[in-house]
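Structure first, commentary second.
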Amino acid sequence: MNKSHNKQFNCTMCGACCASVEATLKTISVPEEDKDFDFKVKEDGSCGHLTFITRSDGTPGIGCGIYADRPTICRVGRYIPA
């Protein structure tokens with residue numbers, strides 16, 4: 001896994017990163033800086049912070065209700081292979 005902070009990740013707000021957070025948390029090591037974060041998980045296994053939003057172009061989408069304050073593990077751009 002590439003942990004570069006330089007990699008640009010163009011989010012399309014599809015929600016795929018957050019749709020199976022329960023499975024993800026079981027298969028990866030949570031970074032030390034995220035150990036105290038309350039990872040809320042819905043009954044369907046998706047992130048508890050996943051919500052419906054209105055995109056900047058006015059179309060509906062799925063997004064993070066705590067995007068600005070999301071934990072390190074949710075900053076997927078740093079995990080995208082080069």
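All of the numbers you see were taken from the coordinates with simple rules; none came from a lab. Note that the structure is a prediction, hence the values are computed from the model and not measured. Note that we place each Cβ from the backbone using ideal geometry, even for glycine, and neighbour counts take in every protein chain shown.
Structure notes:
- Put simply, the amide H of Val41, placed in the peptide plane, has neighbours under 5 Å in Gly48, leaving out anything fewer than 5 places away on its chain.
- Note on Glu33 and Thr54: the model spin-label points, each 7 Å out from Cα along the C-beta direction, lie 3.3 nm apart.
- Cα-based reach from Lys35 at 19 Å (exclusive), listing aspartates and glutamates while leaving out same-chain residues under 8 positions away: Glu22, Asp69
- Label-to-label distance for Lys26 and Tyr67 is 3.0 nm, based on points extended 7 Å past Cα in the beta-carbon direction.
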